[in-house]
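Novice: Just dropping this structure here.
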Amino acid sequence: MNNDTDIQLSGPFKATDGSGRAHDIKAIRIFDEGYGIIDVYVDFAAPLEAGACKDKTLVGHILARLRSLGYVGPDFGHGDLGLQDKKLIVLEAPEEFSAFAISKGWKDLSAEFDED
């Protein structure tokens, strides 16, 4: 998580899953640059149960946190299942997330290839 290529969007907070269990989230982060689709990394303090990335309540609490920080747009889907880990949920942000990410310092590398 302490990588020079990360932008931290949120520090620690708690989120509840669909079973009512509370989880300590250490951070929400993105890489500082990319092409189009942005993966959002949610780091947890303790291991999660398999399939946590599909828990609508848990993901809803994560989205509520992002919206409290200024994100305006549709809900996210889970990222590639191969990216999920015991202490990490990866969410795939919709295109509308780009404006929020840019406001936090993200660089869209695909913009270099846009034709005017």
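The values are calculated or read from the model by the stated rules, or taken from the named source; none is laboratory data. Remember, it's a predicted structure, so these values are computed and weren't measured experimentally. Cβ sites come from the backbone with ideal geometry, for glycine too, and all protein chains shown count toward neighbours. To get the accessible areas, we keep the full protein, side chains included, count just its heavy atoms, and leave off ligands, DNA and RNA. Shrake-Rupley method; radii C 1.70, N 1.55, O 1.52, S 1.80 Å.
Novice: I need the calculated FRET efficiency for the pair SER68 and ASP32, taking r as the beta carbon distance and R₀ as 25 Å, to the nearest 0.05.
Specialist: Working from the Cβ atoms, E equals 0.70.
Novice: Considering Cα pairs under 8 angstrom that are at least six residues apart, work out the relative contact order of the chain and quote it in whole percent.
Specialist: Reported relative contact order: 29 percent.
Novice: Based on the Cβ-Cβ distance of ASP6 and LYS56, what FRET efficiency does E = 1/(1 + (r/R0)^6) give at R0 = 30 Å, to the nearest 0.05?
Specialist: 0.70
Novice: Helix 56-68 versus the longest principal axis of the chain: what angle, 0 to 90°, nearest 10, using Cα atoms?
Specialist: 50
Novice: Keeping every protein chain in place, order ASP17, ASP55, ASP85, ASP4 by accessible area at 1.4 Å, biggest value first, i.e. largest first.
Specialist: Ranking ASP17, ASP55, ASP85, ASP4 by accessible area, largest first, yields ASP4, ASP85, ASP55, ASP17.
Novice: Using DSSP to define loop residues, name the GluC sites (Glu not before Pro) in the range 76-110 whose beta-carbon has at most 14 other beta-carbon atoms within 10 Å.
Specialist: GLU95, GLU96
Novice: Additional query: Modelled label-to-label distance, SER103 and SER19, 7 Å Cα→beta-carbon offset: nm?
Specialist: Each label point is offset 7 Å from its Cα along the Cβ direction, giving 3.6 nm.
Novice: Next up: Using alpha carbon coordinates only, what is the Rg to Rh ratio of the range 31-116, with Rh defined as the Kirkwood radius?
Specialist: When Rh is taken as the Kirkwood radius, the ratio is 1.00.
Novice: Could you work out which residue, out of ALA27, ALA50, ALA99, moves most in a Gaussian network model of the chain, that is, has the largest mean-square fluctuation with Cα springs under 10 Å?
Specialist: For the chain, modelled as a Gaussian network with Cα springs under 10 Å, the answer is ALA50.
Novice: Give me the dipole magnitude in Debye, nearest 20, for the chain about the Cα centre, with unit charges on the beta carbon: positive for Lys and Arg, negative for Asp and Glu.
Specialist: 920
Novice: I'd like to know which of THR5, LEU58, SER110 lies farthest towards the positive end of the charge dipole of the chain, counting +1 on Cβ of Lys and Arg and -1 on Cβ of Asp and Glu.
Specialist: The residue sitting most towards the positive pole is LEU58.
Novice: For a quick check: with amide H placed at 1.01 Å from N, whose amide H comes under 5 Å from ALA27's, ignoring anything fewer than 5 positions away on the same chain?
Specialist: Residues meeting the amide H criterion: ASP43.
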